[in-house]
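Below is one structure; the comments refer to it alone.
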Amino acid sequence: MTDLLSMVVTVQAETDMILPQHLGRAVHALLLRWVAARDSSLARQLHDSEGQKPFTCSTLIGLKRLPQGRGLPAGAQAWFRLTALRADVANLLLDYQALPPRTLELDEQSFRVVQVTSDPQQHPWASATDIQTLASPYLLAQCVPERTVRLNFSAPTTFRQADNNLPLPLPDLVIGSLADKWNAFSAIALGPELREYARLALVLHRFKLHSGLARLKDGGLTVGGVGFAEYKALRYDRYWLSLVNLLADYALYAGVGRLTTQGLGQARRITADHA
């Protein structure tokens with residue numbers, strides 16, 4: 001059973017297009033249209049539910065600078081990502097992978113669909129698995145957890161603190177965000193002590209981050225951190241580091257921080273070779 005999915009959709013511009021820089025809301029709207037076409041009640045639930053959502057959406061990635069502005073010239077390709085954290089959402093999206101549409105619409109612009117895949121051999125951001133397979137090596141002590149974990153934040157990543165946004169992926173904010181998503185959709189609960197471990201024992205060891213901007217539905221701009229961050233444990237504790245490593249793997253599907261359904265917080269674990 002697939003309950004964790006990262007599906008990459010590659011599209012091609014049929015004419016020259018001028019597009020907004022951030023299309024996370026347009027991709028979000030597309031996902032809801034796709035779900036509604038197969039299961040209207042599930043689409044309403046995804047739209048209306050409060051709290052953690054069982055999916056994320058990226059923006060359209062690969063836009064180019066054109067004389068008229070930012071967009072795609074005719075024939076150019078770009079891609080976006082849809083993820084699922086629950087089996088019903090994952091399986092519905094996999095239907096579109098099995099039989100992809102010929103075209104799709106984003107921001108009232110029509111694109112030709114080139115490929116829909118969850119195969120990591122075809123795209124580095126694609127994957128499909130289940131929670132048990134992801135968790136077993138760590139929870140059953142089948143592997144030695146790494147003391148250092150590295151994450152790539154490909155979209156602005158920000159966190160809510162009181163009434164403010166904090167655009168810096170500090171260890172306890174990252175691990176806390178991932179643990180909240182995990183607890184919302186997994187039967188295996190992770191306690192609040194994990195966030196405290198991240199606050200006291202994990203440090204932001206190395207990083208290469210810059211500020212990224214995303215325009216939201218109210219027209220306001222949100223600032224978030226974009227780039228690479230490496231987290232290192234000050235002391236080795238196999239149990240806690242197993243959970244940290246598990247959540248680092250989970251980031252590919254769950255996203256990190258706020259507004260992951262609108263293109264923010266797109267993240268994945270990377271190796272030192274890709275830092």
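Results, tabulated for the structure shown:
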read-out	value
The stretch 106-136: number of residues that are surrounded by fewer than 13 Cβ atoms within 10 Å (Cβ to Cβ) and in contact with a helix residue (DSSP H, G or I) (Cβ under 8 Å, 6 or more places away or on another chain)	0
Qualifying positions in the stretch 243-273 - surrounded by fewer than 23 Cβ atoms within 10 Å (Cβ to Cβ) and either farther than 23 Å from Leu82 by Cβ or of a type in the set (D, E, K, R) (or both)	Asn245, Asp249, Arg258, Arg268, Arg269, Thr271, Ala272, Asp273
Test: Leu194 is surrounded by 12 or more Cβ atoms within 10 Å (Cβ to Cβ), in a strand (DSSP E or B) and in contact with a Phe, Trp or Tyr (Cβ under 9 Å, 6 or more places away or on another chain)	no
Out of Arg81, Arg65, Arg44, sole residue that is part of a strand (DSSP E or B), surrounded by fewer than 17 Cβ atoms within 10 Å (Cβ to Cβ) and out of contact with any Lys or Arg (no Cβ under 7 Å at 6 or more places or on another chain)	Arg65
Within the stretch 69-78, tally of residues that are surrounded by fewer than 16 Cβ atoms within 10 Å (Cβ to Cβ) and at negative phi	4
Close pairs (6 angstrom Cβ cut-off, 6 or more residues apart or separate chains): under 14 Å from Leu247 (Cβ atoms) in the stretch 162-177, part of a loop (DSSP other than H, G, I, E, B) anywhere	Val174/Val256; Ser177/Val256; Ser177/Gly257
Some residue of the stretch 8-24 being modelled with pLDDT of 95 or more, among the β-branched types (Val, Ile, Thr) and part of a loop (DSSP other than H, G, I, E, B)	no
Pair list, Cβ < 7 Å and 6+ apart or interchain, from the stretch 1-28 residues that are more than 19 Å from Thr261 (Cα to Cα) and in contact (Cβ under 8 Å) with a residue 40 or more places away in the chain to residues that are small (Gly, Ala, Ser) and surrounded by 23 or more Cβ atoms within 10 Å (Cβ to Cβ)	Thr2/Ala90; Val11/Ala78
Candidate set from the stretch 147-185 (those that are polar (S, T, N, Q) and within 17 Å of the chain's Cα centre (by Cα)); member that is surrounded by the fewest Cβ atoms within 10 Å (Cβ to Cβ)	Asn183
Residues satisfying the stated conditions in the stretch 251-275, i.e. in a helix (DSSP H, G or I), of a type outside the set (Gly, Ala, Ser) and touching a helix residue (DSSP H, G or I) at 6+ places or on another chain (Cβ under 6 Å)	Thr261, Gln262
Unmet requirement for Thr59, which otherwise passes all of (1) of a type outside the set (Phe, Trp, Tyr); (2) touching a residue at least 60 places away in the same chain (Cβ under 8 Å); (3) assigned to a loop (DSSP other than H, G, I, E, B); (4) surrounded by fewer than 20 Cβ atoms within 10 Å (Cβ to Cβ)	(4)
Checking Tyr231 against (1) under 30 Å from Ala43 (Cα atoms); (2) crowded, with 17+ Cβ neighbours inside 10 Å; (3) touching a Pro at 6+ places or on another chain (Cβ under 9 Å), the condition it does not meet	(1)
Matching option when the condition is of a type in the set (S, T, N, Q), assigned by TED's automatic domain parsing to the domain that holds Phe153 and touching a Lys or Arg at 6+ places or on another chain (Cβ under 7 Å), among Thr222, Thr261	Thr261
Wholly enclosed strands (runs of 3 or more DSSP E) of the stretch 105-165 bearing at least 2 residues of a type in the set (Lys, Arg), farther than 24 Å from Met7 by Cα and not assigned by TED's automatic domain parsing to the domain that holds Leu178	none
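The values are calculated or read from the model by the stated rules, or taken from the named source; none is laboratory data. These numbers were taken from a predicted model, which means no experiment stands behind them. No Cβ is skipped: glycine too gets one built from the backbone with ideal geometry, and neighbour counts run over all protein chains shown.
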